[in-house]
Amino acid sequence: MVDMANPPRSAIDQRQSGERYYDEADAGRGMTFADLYQRFVWIAGAAYRSRWIVLSILVAALVLGAVGTLLMTPLYTASATVQIDQQTERVLGTEDQDAGAAYQDADRFLETNIQVLKSRATAVRVAQSLNLFAGTDFIEMMGAKLRVPAGANPEQLRRETVLDLLDKNLNVDLPRNSRVASIAFKSPDPKLSSRIANAFAENFITGNLQRKFNSTSYARSFLQKQLVPARERLEASERQLVVYARQAGLIDTQQGSDEKGEGQPNSVTVSSLVALNSAYASATANRIAAEQRWRVAQKTPVGALPESYSNKAIQDLYQAKAERTAVLQDELKRHKADYPTVIQAKAVIAELDRQLNAMNGAIRRSIVDQYDTARQQEEALADAVEDMKKATLEEQSQSIQYNILRRDVDSNRSMYEALLQRFKEVSAASGIAANNISIIDRADPPLKPTSPRLGINLAIAVLLGLIVAAAAIIIRELFDDRVQTGPDAERKFGLPTLGVIPQFKNGGAIDLELESPRSATSEAYHSAAIAVLLSSAGKVPHVIMITSAQPGEGKSSSTIGLANALARLNKRTLLVECDLRRPSLRKRLAEIQARAPVPGLTEYLTQQIEQPPITTHSKLRFDYMLAGSIPPNPTDLLGSGAFAAMLHDLTSRYDHIVLDGPPILGLADAPLLASRSDVVLFVVEANRSHRGRAKAALNRIRRFDTPVSGTILTKVDISNRMGLGYDLEYYSY
């Protein structure tokens, strides 16, 4: 059980002293989810408090968006697509490839073509092809007006206006990793949109072809100009070469020939030397072979030479001799040596031997003759080669200048032939209309407008409305000094909020709300009562005055609720209605609303009755004293000694006396009651009390050195937590 005589230092004490209530474990921590939640709740609460302003702004934004959409001119967008290839098809095989079309530079190549498509030159060709520069029909159709300032050129101004409209309404899009570009044009006329989109695609292709043709025309003209001096230089160098060769007596065997053999002689002398040297080498080889045969023949017997074996006549003679020898041998077997047939056989054999010797001797002599002939030929050719070497050496000294002139001729001929070949290729390629850009889809007149789009415009209107609403909420929160939440009251008044009382709906009779101890109102006042007791550390407040800055803020209801809460804490509690000018307890207590008026505080202070008219509530646990009749001088009665004596006497009988004081501003009653009270509770109505007025009321109370324990925030709408901006449980103890 809490010792009220020496209550502990609580959260209320810390808040009253300006400290923040947190655990030591929270020291040094960053922003937590709870902090974010509190900020979100505060923002949501601010939005909820300004919900009608936000709703009005959003409705106005939607209306303006819808009306603006209906008033806008419908625009139709037509799109054509073109494919941009890096390289064209090579028809002849000699056409130049685009230098910027390297695959590693594809992005730059495509971006360059897109910039060309959106260039001023393309727009000029489109305008000229569609005759848009003539008159102001296109300008008026696009919804623009042509205003010609004084001194300006109307033709030039109309031209610039047309080009500006084409540029503003053209949209070229090339998706990433694609070579198909979309050309879209937007205008109020669907047919005009399709015509201009197609014109851009067609003129883009035409311009690309024209640029290629212009480049080949320039190349052809340049090559043609270079061919004339190249041909003249070639002719001059050839004439110089012929004149010098004639003067030096040099004959070029390869001049005029298309086939230039590498290493072959290019003059008659050199050619002769080469031929003689080749013949001399052959003669030497023949002489060596003949000499070898002669030496072999000297050592070989007659008839054993290879030539004899290869001679058919000699072999036939040997065959005949062998046959005759066989016949002779046969005859000798039968006859004597002097027999005629034997003699005849011997004569035939002798004749055959003579013929063989003669033929073998002729073969040996022929070998000697061949050797002599080969030796003589070798000697003659050796002399001729020596003579030709001398002639060649003499010619080489003369051919130095000839070779210089010959190289000049070859160089000029190569240059001329290269220029001529290139000129032929460029001339052939210039007539081929190969293009790397082609139309994929032509633009058709759109059936539906692309703008304005009601859904998007309404979404934009809502977004702008939310921005304006947020600005309105911020401005309202900055300039609105009404007390809206408990933390708001603490921040504006520098006092702790002892209780947050929800708004109740029961015909104004608060005692019906307090009959249930678990109702929101009972719990709120119960928490407020505990907070009041804990707020006065070291001293139990006996006389508690409840007041407000102005009437109607829930002061009397709070007096009843606080008295009931103190009684529930087993405290003897008396409620005294001290608002003698506008008493309202009869309206707040349901059990006395139907009763006849009874004497009250006024009658006791004016000595019309002897005892204080104290009544015990039939259902609640506290006693109360009504104000009674309205006196002409309430301030005199409350400042009298009788009132002070009554309070002193009642203090001995009750633990707590709760005074229902009048409003502070404009009246002297509240300061008098505050001077006779231990603590003062300041009632503030949520969303009504203003900081300036409440501060003035508090300053007036503080002049009497009466401690103001804190504030009680009343009539808080808890049906929607977003309207609170804080957690009601924060103020429950």
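Taking into account only those residues within the range 563-581 that are of a type in the set (S, T, N, Q) and either in contact with a helix residue (DSSP H, G or I) (Cβ under 6 Å, 6 or more places away or on another chain) or buried (at least 24 other Cβ atoms within 10 Å of the Cβ) (or both), which is farthest from G639 (Cα to Cα)? Taking the candidates together, the pick is N564. Checking G494, G486, G507 one by one, the residue that is more than 30 Å from S652 (Cα to Cα), small (G, A, S) and at pLDDT 70 or above is G494 and no other.
Would you check if there is a residue in the range 60-75 being among the hydroxyl-bearing types (S, T, Y), surrounded by 12 or more Cβ atoms within 10 Å (Cβ to Cβ) and at pLDDT 50 or above? Within the range 60-75 (the criterion being among the hydroxyl-bearing types (S, T, Y), surrounded by 12 or more Cβ atoms within 10 Å (Cβ to Cβ) and at pLDDT 50 or above), the answer is yes, since at least one residue qualifies. Every test in (1) basic (K, R); (2) under 30 Å from F200 (Cα atoms); (3) modelled with pLDDT under 80 is passed by K448 save one, and that test is (3).
If you check S129, S187, S193, S182 for being touching a Lys or Arg at 6+ places or on another chain (Cβ under 7 Å), among the small types (G, A, S), surrounded by 13 or more Cβ atoms within 10 Å (Cβ to Cβ) and within 17 Å of A80 (Cβ to Cβ), only one passes: S193.
Taking the criterion of being of a type in the set (A, V, I, L, M, F, W, C) and over 17 Å from D441 (Cβ atoms), the residues of the range 171-214 that qualify are L192, L209, F213. Going through the range 169-211 one residue at a time, which ones are of a type in the set (D, E, K, R), in contact (Cβ under 8 Å) with a residue 60 or more places away in the chain and not in a loop (DSSP other than H, G, I, E, B)? Hits for the range 169-211 are K186, K191, R195, E202. For first residues located in the range 594-617 and among the acidic types (D, E), partners that are surrounded by 19 or more Cβ atoms within 10 Å (Cβ to Cβ) and not in a strand (DSSP E or B) and lie 6+ apart or on another chain with Cβ distances below 6 Å form the pairs E603/G628. Mind listing just one residue for me: the one in the range 618-668 that is among the charged types (D, E, K, R) and within 21 Å of A563 (Cα to Cα) and, of those, surrounded by the most Cβ atoms within 10 Å (Cβ to Cβ)? By that ranking, first place goes to D660.
The values are calculated or read from the model by the stated rules, or taken from the named source; none is laboratory data. What you see is a predicted model, and the numbers here were worked out from it, not measured in a lab. Here the Cβ is made from the backbone with ideal geometry for all residues, glycine too, and neighbour counts use every protein chain on show.
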